[in-house]
Number of protein chains: 2
Amino acid sequence: MNASTNESELDKLNTALEEGAFRQIRYTLNKTLRPSEVAHLIEKSPPKERRLLWSLIHKDIEADVLQELGDDVKSEILSKMNTSEVLAISEALETDDLADMMQQLPETVMHELLRSMDHQNRERLEKILSYPEDTAGGLMNTDTITIRPDITIEAALRYLRRHAELPDMTDSLFVVSRKDTYIGSLPLTRMLVSDPSSTVREMMVTDKPPIPADMEDTQVAKLFEQEDLVSAPVVDEEGQLLGRITIDDVVDVIREDADHSLMSMAGLDEDEDTFAPIMKTTRRRAVWLGINLITAFLASAVIGLFEETIGKVVALAVLMPIVASMGGIAGSQVLTLMIRGQALGHVERSNAGWLLNREMVVGALNGILWALVVAVIAIIWFQDLTIGIIIACAIIINLFAAALAGTMLPIVLKAWGIDPALAGSVLLTTITDVVGFFAFLGLATFFYS
Amino acid sequence: MNASTNESELDKLNTALEEGAFRQIRYTLNKTLRPSEVAHLIEKSPPKERRLLWSLIHKDIEADVLQELGDDVKSEILSKMNTSEVLAISEALETDDLADMMQQLPETVMHELLRSMDHQNRERLEKILSYPEDTAGGLMNTDTITIRPDITIEAALRYLRRHAELPDMTDSLFVVSRKDTYIGSLPLTRMLVSDPSSTVREMMVTDKPPIPADMEDTQVAKLFEQEDLVSAPVVDEEGQLLGRITIDDVVDVIREDADHSLMSMAGLDEDEDTFAPIMKTTRRRAVWLGINLITAFLASAVIGLFEETIGKVVALAVLMPIVASMGGIAGSQVLTLMIRGQALGHVERSNAGWLLNREMVVGALNGILWALVVAVIAIIWFQDLTIGIIIACAIIINLFAAALAGTMLPIVLKAWGIDPALAGSVLLTTITDVVGFFAFLGLATFFYS
């Protein structure tokens, strides 16, 4: 069974859903597909089919499916459960996934859940919950396997064999002191090629530093990417081992982080459910349209200043969107590049000067090139040399403004603690619209009056 | 040494660069920083500093640094090397990274490189090169550790101990037949808890299917994400083991895939170097501006049809950008959501109908809401009831068009084999501009004539 057969499996299921063949669907959901595939199927179904699918899933796999779902969909399903259903599911979850889920539960259900757990599990969970969700502490799991430095590799191998199974994604054992202080890691690959009589201390790796629990999750992701890690130890301020982060959770961070810029630039949330219900979608979208309407009215107000000039030369009304549009396009290219550069950690104060300089020159060169093209077309179209000169100047000015705004906005916004991906594009278009219309109509007023 | 000290390490290096303290820089580059950190430093430096940094790196770590660099930067550096330098570096690379590098070399250097390799390495490399870069075959490495099913776990452990070290990211041994046909996997974590006298066949895992070499890389990434894999076997059509894919290479695919939508929507390439030189940047950007200029002129042509009406009612010129802008914003929200939905595999023919339906209703609701708001403002501003009615109708029509275009464009473009992220936003703005101006000015011509 490879991925392409899976696809047709899903197709079959879709057909069955349409035909109402519930027994067949139940069989496929619970016996043929893996939990990740069931979750994917739920995510790509509209709300009604979604509820139907969820009701057909067997209790035993509910927890597995739930933790594979996106946050938006997960909280929608959780919100429809009663406390005892939530409790039943919580028992089957790993600690970090449980902590994730808790953050989406109502306060009362959360407390009931904590009360129902045994002492050790509650302690573990509370440890994770004490860190914000977007830090190493919130990302970690507590299922570490620890050993002491003074035992031999042979003893360590015997110790492992006493386990029925090792946690998923265990690629290293963590070496700790008597007081649980992190000392080093012993990769399984290294353990397996070691002389059994050598000690853990001799074979362990100490050049990869442990991750502090308060490190931001995007920083953790960068570290995993740079160092090609599969798992990494998490420590508190005293260097005590708290847990470990595994690459599967980091991949989610990377995916969300990358999605964040794309979605934010369109005023969407990165957790946005593709099949969110109509009213929820309408409300979220309305906010963004409202914000953009303010900037649109600002642009209109600028045009309004020059009503008289437009009344005299109507060709100005015909050509003015070109000036604004060229500025908007050029600016959003710079903005996107800067936002990605910030996410990758390429853009910082020390090289901002170089970037601004480059973008100004690029803006000037492209400004001159396209100003000439547009001028020629405008002159031929309206048989008017003046309008060609005016639009050429306006385009050059606006591409300069676009380069300046596109480069500086992300830097300034970030310094102010505002997300450039969210606020950047609105502010940028406001600037390029206002500058574009003002330059074009202002110059026209000067030339034609 | 944790990540925050690293940051200050980089800061110090920046200061040293400015002061020209080359000996200190050379020491930091070659002794203190890891290759991934050196690569990061190079990537976030402007071209001049970049060449300087590269020249200060010791030959021994050149290969390690090079393979951590982005494609754009990598090929810039490779293009400045002569054949013997390329040969020296190629010897230190892993096969999959070497294959990556080869694709950026001139034909002649590539052939010389192939000639210089020993038989076994050349065969391996040619195997990888025979698959497109964006397939499982192009992504795989050939450093698998294979065992036979009929030996005991104890024998397998002895076999491993004969290795000086195991390849990075080895989390499973692959079980193959006498003819190298893939049979199953033996996770190290499972091997370590097994009874040494049991056989590999008894302990191996067979429920995770191997990856066909021609599977697309984005599909591979989805499989890794859904199944939480660290490494996976790659097989040819006959089921013969060809190599393995590891999560570190998959993370690159995920990052690039997610970046792709963001960058394409601004007409940028996902490999785009943040610090590309001026002329290269100018040329790439000029193309995108040129394409957008055509759509801007189309919008202008529509306005041009109604010059007479605008001459009579100049307020139309003041308000018309609002209609176009609201359509553009609403449409790009839908477009972004659809493009992300396609990337996640949520959007397909079977649920397109539901999405179109939802978006049309959302468009209608938001259309009515904002049409009323804009109408009231326009009526008060221009003391003209007619203009309020006209702009309200135009906004509702344009938000409908935006919902329709935003939903259907990605589906139609994808079916035609055109990248929706690249072509979608240009086409969408063309539609919302043309429809917006036409509806607004057309209605005005009707009402005011």
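Assorted remarks:
- Checking B:Ile395, B:Ile387 one by one, the residue that is of a type outside the set (Asp, Glu), more than 9 Å from chain A (Cβ to nearest Cβ), touching a helix residue (DSSP H, G or I) at 6+ places or on another chain (Cβ under 7 Å) and under 16 Å from B:Ile329 (Cβ atoms) is B:Ile395 and no other.
- Residue match in segment B:324-346 (condition: outside any helix (DSSP H, G or I), facing another protein chain (nearest Cβ under 7 Å), within 19 Å of B:Ala421 (Cα to Cα) and free of Cβ contacts under 8 Å to residues at least 60 places away in the same chain): yes
- The single residue among A:Gln104, A:Gln120 that is part of a loop (DSSP other than H, G, I, E, B) and in the same structural domain as A:Lys80 (by TED's automatic domain parsing) turns out to be A:Gln104.
- Residue pairs whose Cβ atoms lie under 6 Å apart, separated by 6 or more positions or on different chains, with the first residue in segment B:171-189 and under 13 Å from B:Ile153 (Cα atoms) and the second among the acidic types (Asp, Glu), are B:Leu188/B:Asp171.
- Total residues in segment A:254-305, condition under 14 Å from the mean Cα position of the chain (by Cα) and of a type outside the set (A, V, I, L, M): 13
- Condition check for B:Val193: more than 30 Å from A:Glu225 (Cβ to Cβ), β-branched (Val, Ile, Thr), in contact with an Asp or Glu (Cβ under 8 Å, 6 or more places away or on another chain) and free of Cβ contacts under 8 Å to residues at least 12 places away in the same chain: yes
- With respect to the conditions (1) crowded, with 19+ Cβ neighbours inside 10 Å; (2) within 9 Å of chain B (Cβ to nearest Cβ), A:Glu308 lacks only one, and its number is (1).
Rundown of residues vs (1) at negative phi; (2) hydrophobic (A, V, I, L, M, F, W, C); (3) at the interface with chain B (Cβ under 9 Å from one of its Cβ atoms), yes/no style:
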| site | (1), (2), (3) |
| --- | --- |
| A:Ser197 | yes, no, no |
| A:Lys208 | yes, no, no |
| A:Leu242 | yes, yes, no |
| A:Thr246 | yes, no, yes |
| A:Glu272 | yes, no, yes |
| A:Thr282 | yes, no, yes |
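- Residues of segment A:284-296 satisfying the condition of being more than 7 Å from chain B (Cβ to nearest Cβ) and either touching a Cys at 6+ places or on another chain (Cβ under 8 Å) or surrounded by 16 or more Cβ atoms within 10 Å (Cβ to Cβ) (or both): A:Arg284, A:Thr295
- For B:Leu319, the criteria (1) under 25 Å from the mean Cα position of the chain (by Cα); (2) touching a residue at least 12 places away in the same chain (Cβ under 8 Å); (3) at the interface with chain A (Cβ under 7 Å from one of its Cβ atoms) hold in every case but one, which is (1).
- Residues of segment A:347-391 that are in a helix (DSSP H, G or I) and among the acidic types (Asp, Glu): A:Glu359 alone.
- One residue alone among A:Asp419, A:Asp433 is within 14 Å of chain B (Cβ to nearest Cβ) and either under 26 Å from B:Val318 (Cβ atoms) or not polar (S, T, N, Q) (or both), and that residue is A:Asp433.
- Residue within segment A:234-249 that is free of Cβ contacts under 8 Å to residues at least 40 places away in the same chain and more than 25 Å from A:Leu129 (Cα to Cα) present: no
- Whichever residue in segment B:27-60 is β-branched (Val, Ile, Thr) and within 14 Å of chain A (Cβ to nearest Cβ) and, among such residues, is nearest to A:Glu348 (Cα to Cα): B:Ile42
- Test result for B:Val220, more than 8 Å from chain A (Cβ to nearest Cβ), closer than 18 Å to B:Ser172 by Cβ, touching a strand residue (DSSP E or B) at 6+ places or on another chain (Cβ under 8 Å) and part of a helix (DSSP H, G or I): yes
The values are calculated or read from the model by the stated rules, or taken from the named source; none is laboratory data. None of these values were measured; they are calculated from a predicted model. Positions of Cβ are generated from backbone atoms using ideal geometry, with glycine treated the same way; all protein chains shown enter the neighbour counts.
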